[in-house]
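Novice: What follows is a structure written as structure tokens; I'll ask about it next.
Quick note: the coordinates plus some simple rules give every number you see, no bench work behind them. Everything quoted here is computed from the prediction, not taken from an experiment. Heads up, the Cβs are rebuilt from the backbone with ideal geometry, glycines too, and the neighbour counts pull from every protein chain shown.
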């Protein structure tokens with residue numbers, strides 16, 4: 001199988017190209033809402049022999065420049081600053097985490113709901129939505145890892161199991177689940193920023 005973006009040979013059935021990170025599901029070239037042949041700077045042809053563009057076409061003229069994402073989140077800082085600020089830092093931390101996950105995983109066909117949806121749906125479902133949210137984010141990070149040349153042992157199932165254990169261990173399991181989310185997000189963010197600066 002050949003990547004439609006950079007022309008590299010990739011294993012059959014791959015979702016992302018290991019060379020450039022482009023989506024290659026079903027042998028289709030990934031489409032972007034702003035990318036068409038009329039946009040300046042966008043080349044719909046494979047870029048053989050050129051520097052890979054890591055699965056994203058150049059931004060059209062007038063578009064907001066892409067910025068790096070946070071790659072140094074810490075569970076200890078999250079817990080401590082949430083306590084010191086009576087939970088305000090925890091809300092800001094959650095908001096930024098979701099924003100960065102959606103930025104790094106752009107083009108995978110999914111979108112992680114933000115803080116307002118998380119709070120509202122968790123209240124309406126007596127907390128069950130929070131489990132679902134952690135499960136989906138864990139799976140999304142694991143699914144997007146190959147496009148950055150990474151592989152995570154923890155996925156949505158392991159994160160969900162730690163959330164469930166949290167009820168038995170007075171909430172400790174929830175912190176373990178958050179640790180896995182933070183660790184994997186930091187790894188993706190480091191790779192994302194490296195590709196952004198390599199352009």
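Novice: From zero up to wherever the largest Cα-Cα distance of segment 117-195 sits, split into 5 Å bins and tell me the percent of pairs in each.
Specialist: Bins of 5 Å from zero give 3, 17, 23, 22, 17, 10, 6, 2, 0 percent of pairs.
Novice: Next question. Tell me, in nm to one decimal, what length is gained between residue 125 and residue 172 on full extension, where the rule is 0.36 nm per residue of separation less the Cα-Cα distance?
Specialist: 14.7 nm
Novice: Run the numbers for residue 190 and residue 86: contour at 0.36 nm per residue of separation, minus the present Cα-Cα distance, in nm.
Specialist: The residue 190-residue 86 span can extend by a further 34.5 nm.
Novice: Order the peptides 90-101, 160-171 from the highest to the lowest mean number of other Cβ atoms within 10 Å of their residues.
Specialist: 90-101, 160-171
Novice: For the pair residue 150 and residue 9, what calculated FRET efficiency results from E = 1/(1 + (r/R0)^6), where r is the Cβ-Cβ distance and R0 = 22 Å, to the nearest 0.05?
Specialist: Approximately 0.60, to the nearest 0.05.
Novice: Also, quick follow-up: Please report the relative contact order for segment 75-198, taking Cα pairs under 8 Å with a sequence separation of at least 6, and give it as a percent rounded to a whole number.
Specialist: It rounds to 20 percent for segment 75-198.
Novice: Among 147-156, 134-143, how do they line up from the highest to the lowest mean number of other beta-carbon atoms within 10 Å?
Specialist: Result, highest mean Cβ count within 10 Å first: 134-143, 147-156.
Novice: If you don't mind, there's one more thing I want to ask. As an exercise, use a Förster radius of 35 Å and the Cβ-Cβ distance of residue 76 and residue 2 to find the FRET efficiency, rounded to the nearest 0.05.
Specialist: Calculated transfer efficiency: 0.15.
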